[in-house]
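Below is one structure, written out as structure tokens, with a few remarks after it.
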Amino acid sequence: MQPMHEDFIDQEVISEVKDVWKRFELRIGIFSKKTFYALRGVSLKVFKGETLAILGESGCGKTTLGRIFLGLEEPSRGEVYWFGKNLKTLSKREFKSLRPKVQAVFQDPTSSLNPKMRIKDILFEPLSINFRITKEEGLSQIGEALKKVGLSEKVLYCYPHELSGGQRQRVALARALILQPKLLVLDEPTSALDMTIQKQILDLLKELRLSFQISYIFITHSINTARYLATRIAVMYLGKIVEIFPAQALGKVPHHPYTELLLSVNLDPFNPVKPNLSALKGEPSLSFEEVEGCPFYPRCQYKKTNCQTLSPELVEVSPGHFISCFERI
Amino acid sequence: MEILRVEGLTVRNRKDNAILLKDVSFSFNQGEILGILGESGSGKSLTSLAILGLLPKGLIVESGSIYYKGKNLLSLSPKEWEDIRGKEISIILQDPLTSLNPVLTIGEQIIEVLEAHLGMDKRSAWDRAIELLSEVGIPEPDLRMKSYPHQLSGGMRQRAMIAIALACDPTVLIADEPTTALDPTLQLQVLELLKELNQKRGLSIIFITHDLGVMRYIADRIVVYYKGEVIEVGETEKVFSQPTHSYTLSLLLSYPESPLNATHA
């Protein structure tokens, strides 16, 4: 399939998950357990140089999917590939050599940076773990990483609490970039920040991707930030991907009913429209069982009887645009 | 008709002498939804705490006054506060999971308010509580009365919070980022509920948020805060189309696809 081209995005697959399932056991009381599926058969490729947004509401499994891409979580079923290599069959040594290439930035820099370490040491730690280099060699790389994210060397001897929220998120970004990754998983990197700072970080991310040709997996619940940053968008609902499309197509093509719902409740301050309230009923329920049929069935306004029993597959309806909905294919 | 007026309110932190609110003034009309917009730490929540007489220890009102129906709230005795707080002016907060009591059922928490403030007996309080739950759009309210907060979804919890806040039939509701913790589909449902309460009950709402889309959707008028000061007050449409203060403009420009970017870039 053809991702939308921003000149250097190409067909090379950086990372891929194939039919990934993730099961969690929840304890209910002392003796009984309930099985809960965070991911239910997700397949997704990340191409070189693209920003793939994973869009969905809380509990849809987007963070779990991000952790699986990162290799932090093992799928209950299915395969994960980094640069064409299956993580299950990688030796420890091979895994260690690929680890620096796939890095993460999380939502809240206050909790992802160690409060007892100076910025200098926070940035040196990944270098010493992965490349075993000396402090002197490290210092020049640290300086470079700070420059990339627009921080001055003054922050080197600060502790995280002495920095502002935006500066802290820049440090978290520098820590990920210092290993020269090929893939960055960004899990809601701007939602904990003030709006003026959000914009700055989004612009910085855009710029870094273009100058270093990194691929991003951008996990977000906000259509607006996805539209701003992404080249391709995958929409998730209750552990399944329901739609994948080039970001430019957002709002311009017939979408999956769930994407349509998200678009209709998106409050745009500069284009206020009356949202479609009739489509708004209900809320997602956790998927405790391997439910049959379409996950969006209970809330869908176009549902037909067979949607309850048959599970729609992702089908390519136009180049690069996949939808799993019987109504739309 | 003006129902609340904040006049020259200045709040200082006794410890480090930092001025947290500086000469804040605005008025609030009956039946209006007034939006308070600002970034974190700009003093929006502090203002709402001052209106309820709930400023944290160590913060003192240096000067200014808050008039509610002609009375200066800042000169009330603790006894007089009881008749205002929760009864006339009520508040809902961002995260209902932390503001609801986890070990009491939703029913018990509403009944508690009805008994304490209005002196209702158990039976009529129970019936009234069910009425309130159905008014805020909770399905099967008689069953939900016996639910604990953790058994409800995020959207339902926020509705339950609103039901508690409405228990004494307040004139003013302060909503401090009530939808920030909610998913977009639930957010819109709660906003719609607040709009409906505003129209049907004539509830006056002070709505605090940093979200521009939400602000445009719900507010009639907007007060913009910056570092403890009010820098702009105006009709919603006006503030969005022709902001007068440069900070307001920079806020609007921070929206990823602000059309103002084209004209001001």
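The values are calculated or read from the model by the stated rules, or taken from the named source; none is laboratory data. It should be emphasised that the depicted structure is a prediction, and the values quoted were computed from it without experimental measurement. Heads up, the Cβs are rebuilt from the backbone with ideal geometry, glycines too, and the neighbour counts pull from every protein chain shown. Quick note on the areas: whole protein, heavy atoms, side chains included, nothing else; ligands and nucleic acids left out. Shrake-Rupley method; radii C 1.70, N 1.55, O 1.52, S 1.80 Å.
Output the Kirkwood hydrodynamic radius of segment B:52-203, Cα pairs only, in Å rounded to one decimal.
Computed over segment B:52-203, the radius equals 16.4 Å.
At a probe of 1.4 Å, how much accessible area disappears from chains B and A on forming the pair, both sides counted, to the nearest 100 Å²?
Buried area (both sides, nearest 100 Å²): 2700 Å².
Using a 10 Å cut-off on Cβ to Cβ distances, tally the other chain neighbours for every residue of A:194-201 and report the average as a whole number.
Numbers: counts 8, 13, 7, 3, 3, 6, 1, 0.
Per residue, the average neighbour count from other chains is 5.
Return the subset of A:LYS33/A:LYS304; A:LYS18/A:LYS148; B:LYS22/B:LYS71; A:LYS62/B:LYS195; A:LYS206/B:LYS22; A:LYS96/A:LYS240 for which the Cα-Cα distance in this structure is over 28 Å, preserving the input order.
A:LYS33/A:LYS304; A:LYS18/A:LYS148; A:LYS62/B:LYS195; A:LYS206/B:LYS22; A:LYS96/A:LYS240
Quick one: pull the percentage of alpha-carbon pairs in chain B with a separation above 30 Å.
In whole percent, the share of Cα-Cα pairs in chain B beyond 30 Å is 31.
Once you have the Kirkwood Rh of segment A:151-274 from its Cα pairs, apply Stokes-Einstein at 10 °C and 1.306 mPa s and quote D in µm²/s.
Here the translational diffusion coefficient equals 97 µm²/s.
Obtain the nm distance between the two label points defined at A:PHE83 and B:GLN151 by a simple spin-label model: each point lies 7 Å from its Cα along the Cα-to-C-beta direction.
It is 5.4 nm.
Give me the percent relative contact order of chain B, please, defined on Cα pairs under 8 angstrom at least 6 residues apart.
With pairs under 8 Å counted, the relative contact order is 26 percent.
Suppose a student asked you for the relative contact order of segment A:109-181, using Cα pairs under 8 Å spaced at least 6 residues apart; what percent would you report?
Here the relative contact order equals 48 percent.
Hey, got a sec? Which trypsin sites (Lys or Arg not before Pro) in segment A:197-257 land in a DSSP loop and have at most 13 other Cβ atoms within 10 Å?
Details: sites: A:LYS199, A:LYS206, A:ARG209, A:ARG227, A:ARG232, A:LYS240, A:LYS252; in loops: A:LYS252.
Filter output for segment A:197-257: A:LYS252.
Rg and Dmax of chain A, using alpha carbons, in Å: what are they?
20.7, 68
Let's see if you can work this out: charge +1 on each Lys and Arg Cβ, -1 on each Asp and Glu Cβ, no other charges. What is the dipole magnitude of chain A about its Cα centre, in debye to the nearest 20? Intermediate values should be presented prior to the final figure.
Numbers: 44 positive and 36 negative charges, 131 e Å.
Dipole of chain A, to the nearest 20 debye: 620 debye.
Just which residues of segment A:210-237 lose 30 Å² or more accessible area with every protein chain there, against their chain alone, with the probe set to 1.4 Å?
A:HIS221, A:ASN224, A:ARG227, A:TYR228
Under a straight-distance cross-link criterion of Cα-Cα below 18 Å, which aspartates and glutamates are reachable from A:LYS182, leaving out those fewer than 8 residues away in the same chain?
Reachable aspartates and glutamates: A:GLU6, A:ASP7, A:ASP10, A:GLU12, A:GLU16, A:GLU50, A:GLU94, A:GLU144, A:GLU207.
Average partner chain C-beta neighbours within 10 Å, per residue of B:180-192?
What the average comes to for B:180-192 is 5.
Quick one: plug the Kirkwood hydrodynamic radius of segment B:1-101 (C-alpha pairs) into Stokes-Einstein at 10 °C, 1.306 mPa s, and report D in µm²/s.
109
Quick one: Debye curve from the C-alpha atoms of segment A:109-181, no solvent, what's log10 I(q)/I(0) at q = 0.14 Å⁻¹?
Summing over Cα pairs of segment A:109-181 leads to -0.35.
With everything on Cα atoms, drop me the angle between helix A:119-131 and the longest principal axis of chain A, reported from 0 to 90° to the nearest 10.
80
Provide the FRET efficiency to the nearest 0.05 for the B:SER25-B:GLU2 pair, computing r from the beta carbons and using R0 = 22 Å.
My answer for the efficiency is 0.95.
How far apart, in nanometres, would the label points at B:LYS122 and A:GLU316 be if each is projected 7 angstrom from Cα along the Cα-to-Cβ direction?
Rounded to a tenth, the inter-label distance reads 6.8 nm.
Given N residues in the protein assembly as shown, what is Rg(Cα) / (2.2 N^0.38 Å)?
Relative to the 2.2 N^0.38 Å estimate, the protein assembly as shown comes out at 1.04.
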